Amino acid sequence: MNTSEEHIDKLTKKLMNGTFEQPSPSLNTRIMALIMGEKRSLIRKCYIKRMPSLSMVIGCFVVYMMLIAGVASLFMKQSETMSNLLEGLKNIFPMLLTIGTCVSLFFFFTQLDNWLNTKESMKTNVGKKIG
Amino acid sequence: MDEQKWIMHILAGDTQSFSCLVAKYEKMAYTIAFRILENREEAEEAVQDAFVKMYRALPDFQFESKFSTWFYRIVYRTALSALRQQRNFADYEEAGATDLTMAEMDAASSILEREDRKEIISGVLKKLPADESLLLTLYYLEECSVDEIRQITDLTASNVKIKLFRGRKHFYETLQKMMKQEVSDLL
(Lines give C-alpha, C1' and ligand atoms only; values in the text may rest on other atoms or scores of the structure.)
Protein backbone atom coordinates (compact mmCIF):
# COMPACT_ATOMS: atom_id res chain seq x y z
CA MET A 1 0.00 0.00 0.00
CA ASN A 2 1.14 3.48 -0.83
CA THR A 3 2.01 5.21 2.40
CA SER A 4 3.05 8.52 0.90
CA GLU A 5 2.24 11.68 2.79
CA GLU A 6 -0.35 12.64 0.23
CA HIS A 7 -2.12 9.31 0.52
CA ILE A 8 -2.15 9.48 4.32
CA ASP A 9 -3.53 13.02 4.18
CA LYS A 10 -6.28 11.96 1.77
CA LEU A 11 -7.17 8.96 3.90
CA THR A 12 -7.25 11.07 7.07
CA LYS A 13 -9.49 13.66 5.42
CA LYS A 14 -11.89 10.97 4.28
CA LEU A 15 -11.96 9.40 7.73
CA MET A 16 -12.64 12.72 9.42
CA ASN A 17 -15.16 13.95 6.88
CA GLY A 18 -18.40 15.08 8.57
CA THR A 19 -17.24 14.41 12.13
CA PHE A 20 -18.39 17.74 13.50
CA GLU A 21 -19.70 17.57 17.03
CA GLN A 22 -23.40 18.36 17.23
CA PRO A 23 -24.47 21.09 19.64
CA SER A 24 -27.93 21.02 21.16
CA PRO A 25 -30.69 22.43 18.90
CA SER A 26 -31.35 25.33 21.27
CA LEU A 27 -27.81 26.73 21.05
CA ASN A 28 -28.63 28.89 18.03
CA THR A 29 -31.65 30.40 19.79
CA ARG A 30 -29.66 31.09 22.94
CA ILE A 31 -26.91 32.81 20.99
CA MET A 32 -29.39 35.04 19.15
CA ALA A 33 -31.12 35.91 22.43
CA LEU A 34 -27.78 37.05 23.86
CA ILE A 35 -27.05 39.09 20.74
CA MET A 36 -30.46 40.77 20.89
CA GLY A 37 -29.75 41.65 24.50
CA GLU A 38 -26.44 43.17 23.46
CA LYS A 39 -28.21 45.14 20.75
CA ARG A 40 -30.87 46.45 23.13
CA SER A 41 -28.35 47.64 25.68
CA LEU A 42 -26.37 49.34 22.91
CA ILE A 43 -29.47 51.17 21.66
CA ARG A 44 -30.32 52.19 25.20
CA LYS A 45 -26.86 53.69 25.70
CA CYS A 46 -27.05 55.61 22.44
CA TYR A 47 -30.54 56.98 22.73
CA ILE A 48 -31.28 57.72 26.36
CA LYS A 49 -30.99 61.45 27.15
CA ARG A 50 -31.73 62.78 30.54
CA MET A 51 -34.48 65.33 30.81
CA PRO A 52 -33.31 68.57 32.33
CA SER A 53 -33.83 68.46 36.06
CA LEU A 54 -36.14 70.83 37.91
CA SER A 55 -33.21 72.61 39.52
CA MET A 56 -31.69 73.12 36.08
CA VAL A 57 -34.92 74.68 34.80
CA ILE A 58 -35.22 76.97 37.82
CA GLY A 59 -31.56 77.83 37.55
CA CYS A 60 -31.97 78.71 33.89
CA PHE A 61 -35.00 80.81 34.74
CA VAL A 62 -33.08 82.75 37.38
CA VAL A 63 -30.14 83.25 35.05
CA TYR A 64 -32.40 84.47 32.28
CA MET A 65 -34.11 86.83 34.68
CA MET A 66 -30.82 88.23 35.88
CA LEU A 67 -29.52 88.52 32.35
CA ILE A 68 -32.59 90.38 31.19
CA ALA A 69 -32.52 92.61 34.27
CA GLY A 70 -28.87 93.33 33.63
CA VAL A 71 -29.45 94.17 30.00
CA ALA A 72 -32.47 96.29 30.89
CA SER A 73 -30.54 98.22 33.50
CA LEU A 74 -27.78 98.96 31.02
CA PHE A 75 -30.22 100.71 28.76
CA MET A 76 -31.95 102.61 31.56
CA LYS A 77 -30.76 106.14 31.87
CA GLN A 78 -31.33 106.35 35.55
CA SER A 79 -29.11 107.40 38.35
CA GLU A 80 -26.86 104.67 39.74
CA THR A 81 -28.07 104.73 43.28
CA MET A 82 -29.50 101.43 44.48
CA SER A 83 -32.90 102.82 45.32
CA ASN A 84 -33.35 104.31 41.87
CA LEU A 85 -32.16 101.10 40.27
CA LEU A 86 -34.50 99.03 42.38
CA GLU A 87 -37.37 101.39 41.63
CA GLY A 88 -36.66 101.13 37.96
CA LEU A 89 -36.47 97.38 38.08
CA LYS A 90 -39.71 97.20 40.07
CA ASN A 91 -41.45 99.03 37.25
CA ILE A 92 -40.27 96.66 34.59
CA PHE A 93 -40.42 93.54 36.78
CA PRO A 94 -43.66 92.18 35.29
CA MET A 95 -42.19 92.47 31.81
CA LEU A 96 -38.98 90.81 32.95
CA LEU A 97 -40.95 88.02 34.60
CA THR A 98 -43.01 87.42 31.49
CA ILE A 99 -39.98 87.34 29.19
CA GLY A 100 -38.02 85.11 31.59
CA THR A 101 -40.90 82.70 31.99
CA CYS A 102 -41.49 82.49 28.24
CA VAL A 103 -37.82 81.82 27.52
CA SER A 104 -37.56 79.17 30.25
CA LEU A 105 -40.74 77.46 29.14
CA PHE A 106 -39.53 77.51 25.55
CA PHE A 107 -36.28 75.88 26.62
CA PHE A 108 -38.10 73.33 28.79
CA PHE A 109 -40.59 72.27 26.13
CA THR A 110 -37.91 72.07 23.44
CA GLN A 111 -35.95 69.63 25.61
CA LEU A 112 -39.11 67.70 26.42
CA ASP A 113 -39.94 67.46 22.72
CA ASN A 114 -36.43 66.18 21.90
CA TRP A 115 -36.60 63.61 24.66
CA LEU A 116 -40.01 62.32 23.58
CA ASN A 117 -38.86 62.10 19.95
CA THR A 118 -35.74 60.11 20.79
CA LYS A 119 -37.73 57.79 23.04
CA GLU A 120 -40.23 57.23 20.23
CA SER A 121 -37.50 56.51 17.67
CA MET A 122 -35.81 54.18 20.15
CA LYS A 123 -39.03 52.19 20.51
CA THR A 124 -39.49 52.08 16.73
CA ASN A 125 -35.92 50.93 16.05
CA VAL A 126 -35.92 48.25 18.74
CA GLY A 127 -39.24 47.01 17.38
CA LYS A 128 -37.83 46.85 13.81
CA LYS A 129 -34.60 45.09 14.77
CA ILE A 130 -36.16 42.54 17.07
CA GLY A 131 -39.27 42.00 14.96
CA MET B 1 -17.87 36.99 0.11
CA ASP B 2 -21.01 36.24 2.12
CA GLU B 3 -19.50 37.26 5.43
CA GLN B 4 -18.66 40.71 4.14
CA LYS B 5 -22.26 41.30 3.12
CA TRP B 6 -23.64 39.96 6.39
CA ILE B 7 -21.21 42.01 8.47
CA MET B 8 -22.15 45.17 6.60
CA HIS B 9 -25.81 44.50 7.34
CA ILE B 10 -25.11 43.73 10.98
CA LEU B 11 -23.10 46.91 11.45
CA ALA B 12 -25.91 48.85 9.76
CA GLY B 13 -28.27 47.59 12.46
CA ASP B 14 -29.75 44.45 10.89
CA THR B 15 -29.13 42.05 13.76
CA GLN B 16 -31.05 39.27 12.02
CA SER B 17 -28.12 38.91 9.61
CA PHE B 18 -26.10 37.71 12.58
CA SER B 19 -28.15 34.52 12.53
CA CYS B 20 -26.51 33.75 9.15
CA LEU B 21 -23.09 33.87 10.79
CA VAL B 22 -24.34 31.70 13.63
CA ALA B 23 -25.79 29.13 11.23
CA LYS B 24 -22.55 28.96 9.23
CA TYR B 25 -20.02 28.79 12.07
CA GLU B 26 -21.92 27.31 15.01
CA LYS B 27 -20.99 23.67 14.35
CA MET B 28 -17.27 24.22 13.85
CA ALA B 29 -17.12 26.62 16.78
CA TYR B 30 -18.76 24.02 18.97
CA THR B 31 -16.42 21.32 17.66
CA ILE B 32 -13.37 23.42 18.52
CA ALA B 33 -14.70 24.22 21.98
CA PHE B 34 -15.63 20.57 22.57
CA ARG B 35 -12.18 19.33 21.56
CA ILE B 36 -10.64 21.61 24.17
CA LEU B 37 -13.17 21.34 26.97
CA GLU B 38 -14.42 17.76 26.40
CA ASN B 39 -17.72 18.69 28.03
CA ARG B 40 -20.95 19.51 26.18
CA GLU B 41 -22.35 22.16 28.51
CA GLU B 42 -19.04 23.99 28.94
CA ALA B 43 -18.42 23.87 25.20
CA GLU B 44 -21.85 25.40 24.48
CA GLU B 45 -21.26 28.12 27.02
CA ALA B 46 -17.86 28.88 25.51
CA VAL B 47 -19.46 29.07 22.05
CA GLN B 48 -22.11 31.48 23.32
CA ASP B 49 -19.44 33.69 24.88
CA ALA B 50 -17.38 33.54 21.69
CA PHE B 51 -20.28 34.67 19.51
CA VAL B 52 -21.01 37.58 21.84
CA LYS B 53 -17.33 38.58 21.79
CA MET B 54 -17.36 38.32 18.03
CA TYR B 55 -20.45 40.56 17.82
CA ARG B 56 -18.78 43.20 20.01
CA ALA B 57 -15.55 43.05 18.00
CA LEU B 58 -17.22 43.14 14.56
CA PRO B 59 -16.75 46.91 14.07
CA ASP B 60 -12.98 46.36 14.45
CA PHE B 61 -12.70 43.47 11.98
CA GLN B 62 -11.00 44.74 8.82
CA PHE B 63 -10.73 41.52 6.78
CA GLU B 64 -6.97 41.41 7.25
CA SER B 65 -7.34 37.68 7.72
CA LYS B 66 -10.08 35.21 6.80
CA PHE B 67 -13.18 35.72 8.90
CA SER B 68 -13.18 32.06 9.91
CA THR B 69 -9.57 32.30 11.14
CA TRP B 70 -10.38 35.40 13.14
CA PHE B 71 -13.50 33.91 14.71
CA TYR B 72 -12.00 30.49 15.45
CA ARG B 73 -9.19 32.30 17.29
CA ILE B 74 -11.84 33.92 19.47
CA VAL B 75 -13.46 30.54 20.09
CA TYR B 76 -10.10 28.95 20.85
CA ARG B 77 -9.11 31.63 23.35
CA THR B 78 -12.54 31.62 24.97
CA ALA B 79 -12.43 27.85 25.39
CA LEU B 80 -8.90 28.01 26.78
CA SER B 81 -9.98 30.63 29.31
CA ALA B 82 -12.78 28.33 30.35
CA LEU B 83 -10.34 25.44 30.63
CA ARG B 84 -7.66 27.39 32.54
CA GLN B 85 -5.07 24.82 31.69
CA GLN B 86 -2.50 26.23 29.35
CA ARG B 87 -0.08 23.32 29.63
CA ASN B 88 -1.76 21.20 26.98
CA PHE B 89 -1.11 23.92 24.46
CA ALA B 90 2.36 24.96 25.49
CA ASP B 91 4.72 25.74 22.67
CA TYR B 92 7.31 22.99 23.01
CA GLU B 93 9.38 20.75 20.81
CA GLU B 94 9.28 17.01 21.15
CA ALA B 95 10.82 14.04 19.37
CA GLY B 96 8.77 13.34 16.26
CA ALA B 97 6.49 10.34 16.06
CA THR B 98 7.33 7.53 13.68
CA ASP B 99 5.60 7.02 10.37
CA LEU B 100 2.35 5.09 10.18
CA THR B 101 2.57 1.33 9.90
CA MET B 102 0.81 -0.75 7.27
CA ALA B 103 -1.39 -2.32 9.93
CA GLU B 104 -2.56 1.08 11.09
CA MET B 105 -3.34 2.16 7.54
CA ASP B 106 -5.25 -1.07 6.88
CA ALA B 107 -7.31 -0.67 10.04
CA ALA B 108 -8.18 2.87 9.04
CA SER B 109 -9.08 2.00 5.46
CA SER B 110 -11.35 -0.78 6.63
CA ILE B 111 -13.82 1.62 8.24
CA LEU B 112 -14.12 4.09 5.36
CA GLU B 113 -17.31 2.54 4.05
CA ARG B 114 -18.86 1.74 7.41
CA GLU B 115 -22.06 3.49 8.38
CA ASP B 116 -20.79 4.18 11.87
CA ARG B 117 -17.55 5.71 10.61
CA LYS B 118 -18.35 9.11 12.11
CA GLU B 119 -19.11 7.69 15.53
CA ILE B 120 -15.92 5.63 15.50
CA ILE B 121 -13.77 8.59 14.47
CA SER B 122 -15.45 10.84 17.06
CA GLY B 123 -14.66 8.21 19.65
CA VAL B 124 -11.03 8.09 18.54
CA LEU B 125 -10.71 11.87 18.67
CA LYS B 126 -12.09 11.90 22.20
CA LYS B 127 -9.31 9.56 23.31
CA LEU B 128 -6.55 11.83 21.96
CA PRO B 129 -5.01 14.72 23.89
CA ALA B 130 -7.10 17.87 23.43
CA ASP B 131 -4.46 19.79 21.50
CA GLU B 132 -3.87 16.97 19.03
CA SER B 133 -7.56 16.34 18.37
CA LEU B 134 -8.10 20.08 17.92
CA LEU B 135 -5.26 20.44 15.39
CA LEU B 136 -6.41 17.36 13.48
CA THR B 137 -9.93 18.82 13.40
CA LEU B 138 -8.74 22.19 12.14
CA TYR B 139 -6.40 20.69 9.52
CA TYR B 140 -8.36 17.74 8.18
CA LEU B 141 -11.99 18.61 8.91
CA GLU B 142 -12.04 22.39 8.43
CA GLU B 143 -9.06 22.21 6.00
CA CYS B 144 -7.24 25.12 7.60
CA SER B 145 -3.69 25.70 6.44
CA VAL B 146 -0.76 25.49 8.85
CA ASP B 147 -0.55 29.27 8.77
CA GLU B 148 -4.22 29.65 9.67
CA ILE B 149 -3.82 27.18 12.53
CA ARG B 150 -0.80 29.20 13.66
CA GLN B 151 -2.95 32.35 13.68
CA ILE B 152 -5.74 30.63 15.60
CA THR B 153 -3.62 28.93 18.26
CA ASP B 154 -0.54 31.19 18.53
CA LEU B 155 1.67 28.11 18.13
CA THR B 156 4.67 28.37 15.86
CA ALA B 157 4.36 26.84 12.39
CA SER B 158 6.92 24.16 13.22
CA ASN B 159 5.10 23.28 16.41
CA VAL B 160 1.83 22.96 14.49
CA LYS B 161 3.48 20.58 12.04
CA ILE B 162 5.03 18.48 14.80
CA LYS B 163 1.75 18.26 16.70
CA LEU B 164 -0.13 17.38 13.52
CA PHE B 165 2.35 14.63 12.69
CA ARG B 166 2.27 13.27 16.22
CA GLY B 167 -1.49 13.63 16.49
CA ARG B 168 -2.03 11.77 13.25
CA LYS B 169 0.18 8.94 14.46
CA HIS B 170 -1.77 8.71 17.74
CA PHE B 171 -5.01 8.89 15.76
CA TYR B 172 -4.13 5.83 13.68
CA GLU B 173 -2.71 3.93 16.66
CA THR B 174 -5.88 4.53 18.64
CA LEU B 175 -8.04 3.61 15.68
CA GLN B 176 -6.18 0.37 15.21
CA LYS B 177 -6.54 -0.49 18.90
CA MET B 178 -10.26 0.19 18.73
CA MET B 179 -10.63 -2.02 15.67
CA LYS B 180 -8.69 -4.84 17.36
CA GLN B 181 -10.83 -4.46 20.46
CA GLU B 182 -13.96 -4.61 18.33
CA VAL B 183 -12.78 -7.82 16.67
CA SER B 184 -11.86 -9.43 19.99
CA ASP B 185 -15.25 -8.36 21.44
CA LEU B 186 -16.99 -10.05 18.54
CA LEU B 187 -14.99 -13.22 19.02
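The values are calculated or read from the model by the stated rules, or taken from the named source; none is laboratory data. This is a predicted model, so every value here is computed, not measured. Heads up, the Cβs are rebuilt from the backbone with ideal geometry, glycines too, and the neighbour counts pull from every protein chain shown. With ligands, DNA and RNA removed, areas are computed over all heavy atoms of the protein, side chains included. Shrake-Rupley method; radii C 1.70, N 1.55, O 1.52, S 1.80 Å.
The long axis of helix B:40-57 is offset from the longest Cα principal axis of chain B by roughly 30 degrees. Accessible area buried by the pairing of B and A, both sides summed with a 1.4 Å probe, works out to roughly 3900 Å². Dipole size of region B:3-85 about its Cα centre, with +1 on Lys/Arg Cβ and -1 on Asp/Glu Cβ: approximately 220 debye, rounded to the nearest 20. Taking the protein heavy atoms of chain B in the context of the full set of protein chains, the accessible area attributed to carbon and sulfur is 48 percent at 1.4 Å.
Assuming R0 = 22 Å, can you tell me the calculated FRET efficiency for the pair B:Arg40 and A:Met32, based on Cβ-Cβ distance, to the nearest 0.05? Efficiency for this residue pair is about 0.65. Once all protein chains are placed together, A:Cys102 keeps about 80 Å² accessible to a 1.4 angstrom probe.
Legend: distances between Cα atoms for A:Lys13/B:Lys127; A:Lys13/B:Lys180; B:Lys118/B:Lys163; A:Lys13/B:Lys177; B:Lys53/B:Lys177; B:Lys66/B:Lys177; pairs beyond 30 Å are B:Lys53/B:Lys177; B:Lys66/B:Lys177. Counting only protein heavy atoms and a 1.4 Å probe, region B:102-186 has 44 square angstrom of accessible area per residue. Among B:Ser17, B:Ser109, B:Ser81, the order of accessible area from largest down is B:Ser81, B:Ser109, B:Ser17, computed with a 1.4 Å probe on protein heavy atoms. Shown for region B:102-186 is the translational diffusion coefficient from the Stokes-Einstein equation, using the Kirkwood radius over Cα pairs, a temperature of 10 °C and a viscosity of 1.306 mPa s: 117 µm²/s.
Each peptide in B:27-39, B:123-135 receives the mean, over its residues, of other Cβ atoms within 10 Å, and ordering these scores from highest gives B:27-39, B:123-135.
Panel values: region B:3-85, Kirkwood radius from alpha carbon pairs, Stokes-Einstein at 20 °C and 1.002 mPa s, translational diffusion coefficient 166 µm²/s. Heavy-atom accessible surface of region B:3-85, averaged per residue, reaches 45 Å², computed with a 1.4 Å probe.
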